[in-house]
Amino acid sequence: MQMTFSSRAPVRNQLVTCTITVTNAGGAEARSVRLLNQLPEGIQFVDGAGWSSSGPELSTTIGSIPAGTSVSVSFQVRALTAGYWINRAQIGE
């Protein structure tokens with residue numbers, strides 16, 4: 001899994017796009033792939049097709065990823081304050 005951001009040093013109220021790419025390096029199709037993302041304090045979820053939010057917790061279901069391929073999903077957040085953050089994401093079921 002790889003996570004990229006449209007800005008690594010956003011200013012207050014700036015919109016930032018986060019893109020998460022999941023690669024299936026295995027030999028079989030990965031089914032029912034679900035991504036979970038915990039936003040840090042000072043970052044607010046704005047929008048993302050297929051993403052659900054409950055406070056700082058985001059989730060989306062990718063579905064299946066064929067062996068040897070990658071799938072990318074994106075969402076937008078807003079920096080409510082200036083600073084540095086640690087954004088955590090994981091692959092779940």
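Observations, loosely collected:
- Pairs linking a residue in segment 9-24 that is small (Gly, Ala, Ser) to a residue that is in a loop (DSSP other than H, G, I, E, B), with Cβ atoms under 9 Å and 6 or more positions apart or on different chains, are Ala9/Ala82; Ala9/Tyr84.
- Test: residue in segment 57-68 that is hydroxyl-bearing (Ser, Thr, Tyr) and without any contact (Cβ under 8 Å) to a residue 24 or more places away in the chain: no
- A residue that is open to solvent by 80 Å² or more (accessible area, probe 1.4 Å), under 17 Å from Gln90 (Cβ atoms) and either in contact with a Phe, Trp or Tyr (Cβ under 9 Å, 6 or more places away or on another chain) or assigned to a loop (DSSP other than H, G, I, E, B) (or both) occurs somewhere in segment 1-20.
- Gly48, sole failed condition from (1) touching a residue at least 40 places away in the same chain (Cβ under 8 Å); (2) more than 16 Å from Ala82 (Cα to Cα): (1)
- Candidates Gln76, Gln90: the one that is touching a Leu at 6+ places or on another chain (Cβ under 8 Å), polar (S, T, N, Q) and open to solvent by 70 Å² or more (accessible area, probe 1.4 Å) is Gln90.
- Residues of segment 33-71 that turn out to be within 9 Å of the chain's Cα centre (by Cα) and of a type in the set (Ser, Thr, Tyr), as a count: 2
- Considering residues of segment 34-93 that are hydrophobic (A, V, I, L, M, F, W, C) and not in a strand (DSSP E or B) only, the residue nearest to Thr23 (Cα to Cα): Ala67
The values are calculated or read from the model by the stated rules, or taken from the named source; none is laboratory data. A quick note: this is a predicted structure, and the numbers were derived from the prediction, not measured. A quick note on method: Cβ atoms are made from the backbone with ideal geometry, for glycine too, and the neighbour counts reach across all protein chains shown. Accessible surface is based on the protein model in full, side chains and every heavy atom, while ligands, DNA and RNA are left aside. Shrake-Rupley method; radii C 1.70, N 1.55, O 1.52, S 1.80 Å.
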